[in-house]
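I have placed the structure first, in the form of structure tokens, so that the comments after it can refer back to it.
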Amino acid sequence: MAQTLVDRRDIDFVIWEQMEGESLLDEAVFPGFNKKTCDMIITEAKNLAIKELLPTLAQGDKEGGAYENGTVTTPQCFKRAHALLCEGDWGNLQVDAEMGGQGAPSFVAMATAEYFMAANWSIYTYAALGCSTAHMIQKYGTPEQIDMYVKKLVSGKWGGTMLLTEPGAGSDVGAIETSATKNKDGSYLLTGGKIFITNGEHDLCENIIHPVLARVEGHEPGTKGISIFIVPKFFPDANGNPGKRNDIACVGVEEKHGIHASATCSMSMGSKGQCVGYLLGEEKTGMKIMFQMMNEARMATGLQALACASAAHMLSVNYARERVQGKAVEKRSDPDALPVPIIKHPDVRRNLLWMKSMVDGMRSLFHYAAIAELKSVTEKTAEERECYADLFELLTPFAKDYLSVKGYEVCVQAIQVHGGVGYTKDYLVEQYARDCKITSIVEGCSGIQAMDLVGRKLPMKNGKAFMTLMEKMGETIARAKKIDVTKPLALRLETAMGQMGEAAMTLGTMAMEGKINHALAHSLPFLHATGDAIVAWMLLWRACVAAPKIKTAKKKDRAFYQGQVNTAEFFIQTTFYESMARFESIKAANGAAIEIPDDGFGGL
């Protein structure tokens with residue numbers, strides 16, 4: 001049977017064979033979770049995603065979120081699917097049991113989330129986003145706040161958001177104008193407006209809890225003066241149930257390029273002078289607390305892009321096997337030759353293999369980053385935990401932006417494989433491309449991620465994390481050199497690693513010489529070229545695991561394992577040459593993008 005949404009065999013390969021997930025199932029850390037249990041969970045998630053969520057994807061896109069007089073109504077078909085997600089505690093699978101979650105290993109939770117996001121990201125985020133709000137409150141809230149909000153958010157009974165962006169303060173968070181005035185009882189009155197708020201208003205839960213960034217009157221400008229507040233839609237009564245309505249309201253929803261069924265709201269606070277918020281943590285620690293949620297959001301955004309790409313790839317492979325068009329090239333002159341499925345045509349095969357190499361590599365990259373975060377907590381020594389924490393910090397811009405950009409490219413090529421019908425709404429690849437595009441914009445756009453990588457992540461601790469990454473890649477290269485079929489690929493990646501290191505040094509030198517703008521002008525190409533190198537590493541690692549198993553594997557697995565080797569070969573020996581050239585361009589350190597006069601861009 002053809003796979004849909006996600007290649008289940010590939011998920012199993014990544015988490016159990018490549019990442020050796022069983023070794024991470026420490027009973028003391030994950031009580032009750034073994035390989036059998038985890039496999040059952042993923043299977044149930046797959047069934048729910050395909051049977052209940054996927055049928056709502058196109059209909060939800062068609063209906064969108066209906067806004068009227070401050071209320072947002074989600075598509076009717078969402079009600080059952082959302083209820084099933086909440087009833088099954090699917091949104092809180094990874095959340096600690098003490099918070100009301102299931103306490104599952106991250107790689108299992110991420111595998112289920114990939115299915116749900118591929119089936120219908122909008123529904124899943126309605127059910128799961130509250131967990132991120134809950135994590136902030138759990139870590140920084142008072143005992144009373146934790147007791148009041150956390151378990152209701154984790155259950156999905158109450159929804160959660162993040163109110164950050166304003167019309168005049170997007171990436172420049174320090175420019176926010178939302179203000180807070182302290183009341184005698186310790187609460188605050190908030191005044192201001194926020195835009196682009198996912199799930200800011202909807203009808204799928206009984207209350208919505210808004211963490212809001214604001215500046216207490218008199219506090220300094222910029223990010224240092226920002227605090228964060230809990231602003232409930234309805235004030236909880238003495239029994240913890242929604243009571244009186246707070247003075248926060250949705251004043252409109254965006255008409256977007258994609259993700260039409262996700263309510264992206266404009267929110268107004270204090271139009272009646274009565275918007276009450278409760279300080280989370282201490283005053284002027286808003287940015288620190290927000291990043292608790294931001295890192296989660298960035299990883300989730302990368303996974304969103306991977307899910308779209310995965311689903312688009314599966315649709316394309318299945319379509320190419322079924323769509324009969326044109327004779328085989330070698331028989332084009334034979335009048336009696338029959339047309340063949342388009343998967344037999346060379347350029348379609350190249351395109352499908354490029355898509356596969358990207359999806360496979362991105363899935364491994366994402367799980368590797370997530371496991372690095374897990375190990376930053378579970379490793380036995382403080383030194384090991386610090387090492388993996390730093391590695392996770394370094395990999396986050398790749399997990400977020402590289403997956404976002406490449407995931408969208410996969411969706412675009414999925415349309416190409418489908419041809420003319422792929423450009424119509426009769427086929428889901430068109431929607432996946434629209435839905436995926438937002439991922440490179442939200443939670444810090446591509447340029448922000450590149451600035452973070454080059455300006456903060458590379459130099460942190462004198463480049464220690466980057467050197468750790470190089471060492472990990474080197475370990476796989478050494479392993480691959482011992483296998484005949486992967487040795488040429490290892491040598492190619494080894495050469496690229498040298499260029500990657502030299503490019504990083506070039507950027508560092510420019511920054512130290514005071515040419516920080518010149519360095520940042522090359523930061524995004526560096527992120528994407530290095531992302532290609534990491535994907536090449538992941539694919540080589542996959543090939544090292546698969547190659548020795550080809551001859552002894554069961555018949556149904558031989559093609560899969562051979563496909564791992566061929567995928568690594570294709571990417572490293574064809575596509576990867578472009579990345580190596582990009583490293584050379586970075587080392588050339590051309591400054592034209594900075595030196596061109598503003599009027600030189602034209603359009604006057």
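The values are calculated or read from the model by the stated rules, or taken from the named source; none is laboratory data. These numbers come from a predicted model, not from an experiment. Please note: Cβ atoms are built from the backbone with ideal geometry, for glycine as well, and neighbour counts cover all protein chains shown.
General observations
- Flag if Gly603 is surrounded by fewer than 12 Cβ atoms within 10 Å (Cβ to Cβ) and either in contact with a Lys or Arg (Cβ under 9 Å, 6 or more places away or on another chain) or of a type in the set (Gly, Ala, Ser) (or both): yes
- Of the residues making up the range 495-513, those that are over 28 Å from the mean Cα position of the chain (by Cα) and without any contact (Cβ under 8 Å) to a residue 40 or more places away in the chain number 5.
- Test: residue in the range 325-340 that is closer than 30 Å to Lys356 by Cα and buried (at least 20 other Cβ atoms within 10 Å of the Cβ): no
- Count of the range 170-197 residues which are within 17 Å of Pro221 (Cβ to Cβ) and outside any strand (DSSP E or B): 9
- Residue check, Thr424 surrounded by 22 or more Cβ atoms within 10 Å (Cβ to Cβ) and at pLDDT 95 or above: no
- Check on Leu5, part of a loop (DSSP other than H, G, I, E, B) and either crowded, with 20+ Cβ neighbours inside 10 Å or touching a Phe, Trp or Tyr at 6+ places or on another chain (Cβ under 7 Å) (or both): yes
- Filter result for Arg456 (touching an Asp or Glu at 6+ places or on another chain (Cβ under 9 Å), farther than 29 Å from Ile259 by Cβ and not hydrophobic (A, V, I, L, M, F, W, C)): yes
- Considering the conditions (1) closer than 30 Å to Ala249 by Cα; (2) of a type in the set (D, E, K, R); (3) surrounded by fewer than 13 Cβ atoms within 10 Å (Cβ to Cβ); (4) in contact (Cβ under 8 Å) with a residue 24 or more places away in the chain, Glu68 is excluded by exactly one of them, (4).
- Some residue of the range 436-443 being crowded, with 17+ Cβ neighbours inside 10 Å and over 22 Å from the mean Cα position of the chain (by Cα): no
- Where helices (runs of 4 or more DSSP H) fall wholly inside the range 495-604, the ranges with 1 or more residues that are touching a Pro at 6+ places or on another chain (Cβ under 9 Å) are 523-546, 555-570, 576-588.
- Considering (1) among the aliphatic types (A, V, I, L, M); (2) more than 19 Å from Ala127 (Cβ to Cβ); (3) part of a loop (DSSP other than H, G, I, E, B); (4) touching a residue at least 24 places away in the same chain (Cβ under 8 Å), the lone condition that Leu204 does not fulfil carries the number (2).
- Residue-level analysis places Val377 outside the set of residues that are buried (at least 16 other Cβ atoms within 10 Å of the Cβ) and β-branched (Val, Ile, Thr).
- Considering residues of the range 275-329 that are assigned to a helix (DSSP H, G or I) and among the charged types (D, E, K, R) only, the residue farthest from the chain's Cα centre (by Cα): Glu322
- Failed criterion for Arg558 (all others in (1) surrounded by 13 or more Cβ atoms within 10 Å (Cβ to Cβ); (2) farther than 23 Å from Leu352 by Cα; (3) free of Cβ contacts under 8 Å to residues at least 40 places away in the same chain hold): (2)
- Filter result (loosely packed, with under 13 Cβ neighbours inside 10 Å and of a type in the set (D, E, K, R)) within the range 10-31: Glu20, Glu22, Asp26, Glu27
- Taking the range 394-434 as the range and being more than 21 Å from Asp61 (Cβ to Cβ), in contact with a Ser or Thr (Cβ under 7 Å, 6 or more places away or on another chain) and of a type in the set (Val, Ile, Thr) as the test, only Val405 passes.
- Condition check for Asp172: without any contact (Cβ under 8 Å) to a residue 12 or more places away in the chain and charged (D, E, K, R): yes
- Checking each residue in the range 299-350 for being within 30 Å of Glu393 (Cβ to Cβ) and not aliphatic (A, V, I, L, M) picks out Thr301, Gly302, Gln304, Cys308, Ser310, His313.
- The residue list Thr161, Thr191 contains one member that is crowded, with 24+ Cβ neighbours inside 10 Å, in the same structural domain as Lys256 (by TED's automatic domain parsing) and either on the phi > 0 side of the Ramachandran plot or polar (S, T, N, Q) (or both), which is Thr161.
Yes or no, residue by residue, for (1) in the same structural domain as Lys461 (by TED's automatic domain parsing); (2) among the charged types (D, E, K, R); (3) closer than 30 Å to Leu25 by Cβ:
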position: Leu365; (1), (2), (3): no, no, yes
position: Pro397; (1), (2), (3): no, no, yes
position: Lys400; (1), (2), (3): no, yes, yes
position: Lys406; (1), (2), (3): no, yes, no
position: Gln431; (1), (2), (3): no, no, no
position: Asp435; (1), (2), (3): no, yes, no
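- Whichever residue in the range 196-233 is among the aliphatic types (A, V, I, L, M) and in contact with a Cys (Cβ under 8 Å, 6 or more places away or on another chain) and, among such residues, is modelled with the highest pLDDT: Val231
- Residue ID - nearest to Lys157 (Cα to Cα), chosen from residues in the range 209-229 that are surrounded by fewer than 22 Cβ atoms within 10 Å (Cβ to Cβ) and of a type outside the set (Asp, Glu): Val216
- Residue in the range 86-102 that is farthest from Ile137 (Cα to Cα), counting only those that are surrounded by fewer than 23 Cβ atoms within 10 Å (Cβ to Cβ) and not charged (D, E, K, R): Gly88
- Any hit, the range 531-538, residues being surrounded by 15 or more Cβ atoms within 10 Å (Cβ to Cβ) and either at pLDDT below 95 or over 18 Å from Leu394 (Cβ atoms) (or both): no
- Residues of the range 103-114 include at least one that is buried (at least 22 other Cβ atoms within 10 Å of the Cβ) and free of Cβ contacts under 8 Å to residues at least 24 places away in the same chain.
- Of the residues making up the range 429-436, not a single one is farther than 30 Å from Ala312 by Cβ and either in contact (Cβ under 8 Å) with a residue 24 or more places away in the chain or not charged (D, E, K, R) (or both).
- Here Glu144 fulfils each of the conditions (1) at pLDDT below 95; (2) closer than 17 Å to Phe235 by Cα; (3) of a type outside the set (Val, Ile, Thr) apart from (1).
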